[in-house]
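The values are calculated or read from the model by the stated rules, or taken from the named source; none is laboratory data. Being a predicted model, the structure only gives us computed values, none of them experimental. Positions of Cβ are generated from backbone atoms using ideal geometry, with glycine treated the same way; all protein chains shown enter the neighbour counts.
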């Protein structure tokens, strides 16, 4: 089958659910710069914008013990593996999860994909991770491998792409169909519909996506920050970030009914007490920004009292993420830069979050 056919529209009802991107809270200086992404002016009638994510890498884990091995380390259930049966739900082919340390803090965030060439006797999975953490993730897996019948190795043959609709309000203008093949995996991003689709492929993404165009990677990062999506070790510092404060539940990244895994105790206890005083919020920055941007860990202050509301985590331009005490997000906030200038901070609650979190 020609690869271009993999991304053609399927039968009615197979496209991404409609959603509305609230551009109004993004300052003009922060508007997405790319041509056509998220409500701009698509080139030549483009319907999808494709972003090659070179900062994401793949690890392949396969073997008779692959499933129990990973289940003992991950916060979530595993996606389906093996040849497509036609009965699986679209989201079942990918899953989002964190690896935790024994203290219950996040080490690595991953998106898992079930390999189509897997068998019941020897399942296999691809783990998408931060490329700068590839070596340490492999060492982490090797530490717990012991005598299990499992193979862990990098899988550079496939490239990771994100595919987002050019017009978020009409994503079914050119609906996509999920495909799982040896050299191509196209599936919905398991974290939220706001993040579109994930594509793993050997070839050039935009050339293979009907009505697809190449996007600027900075636009991708601005989009996910606007949606409150952390990704990689800059947003989730290893050994520091707590999974529930990082909104792992909102992003479908944890199961509270699966078996035991490393770091489970603190996560389960926090969930059952229902007390999460801080969260990772998307923020808008207004004011003169340093040329190098806001440094990670910079204090975010409550303007009225001068008390600390939390810390800035990471960002792109004048949007980013900050870990803030929930009771402080409605009041005026600010950051003092190294040049002693004040930058106003506005915390936002994404409209796709559960109602109880708003």
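Any idea which residue in segment 291-332 is farthest from residue 238 (Cα to Cα), counting only those that are part of a strand (DSSP E or B) and free of Cβ contacts under 8 Å to residues at least 40 places away in the same chain?
Here the answer is 302.
I want to confirm something. Restricting to segment 308-322 and keeping residues that are surrounded by fewer than 21 Cβ atoms within 10 Å (Cβ to Cβ) and modelled with pLDDT of 95 or more, which single residue is nearest to residue 297 (Cα to Cα)? Among those residues, the one meeting the criterion is 311. In segment 129-151, the residues that are in contact (Cβ under 8 Å) with a residue 24 or more places away in the chain and in the same structural domain as residue 198 (by TED's automatic domain parsing) reach residues that are assigned to a helix (DSSP H, G or I) and surrounded by fewer than 17 Cβ atoms within 10 Å (Cβ to Cβ) with C-beta atoms within less than 9 angstrom, at least six apart or across chains, in these pairs: 148/68.
Within segment 288-298, the set of residues being exposed (fewer than 14 other Cβ atoms within 10 Å of the Cβ) and either assigned by TED's automatic domain parsing to the domain that holds residue 235 or under 26 Å from the mean Cα position of the chain (by Cα) (or both) comprises 292, 295, 297.
Can you tell me which residue among 239, 228, 232, 215 is in contact (Cβ under 8 Å) with a residue 12 or more places away in the chain, assigned by TED's automatic domain parsing to the domain that holds residue 70 and surrounded by fewer than 16 Cβ atoms within 10 Å (Cβ to Cβ)?
Working: 228 fails: surrounded by fewer than 16 Cβ atoms within 10 Å (Cβ to Cβ); 232 fails: surrounded by fewer than 16 Cβ atoms within 10 Å (Cβ to Cβ); 215 fails: surrounded by fewer than 16 Cβ atoms within 10 Å (Cβ to Cβ).
Result of the check over 239, 228, 232, 215: 239.
Do we find that residue 283 is surrounded by fewer than 23 Cβ atoms within 10 Å (Cβ to Cβ), in contact with a strand residue (DSSP E or B) (Cβ under 8 Å, 6 or more places away or on another chain) and not assigned by TED's automatic domain parsing to the domain that holds residue 52 in this structure? No.
Test residue 245 against the criterion of being surrounded by 14 or more Cβ atoms within 10 Å (Cβ to Cβ) and closer than 18 Å to residue 103 by Cα, and give yes or no.
Details: surrounded by 14 or more Cβ atoms within 10 Å (Cβ to Cβ): yes; closer than 18 Å to residue 103 by Cα: yes.
Against the criterion (surrounded by 14 or more Cβ atoms within 10 Å (Cβ to Cβ) and closer than 18 Å to residue 103 by Cα), residue 245 qualifies.
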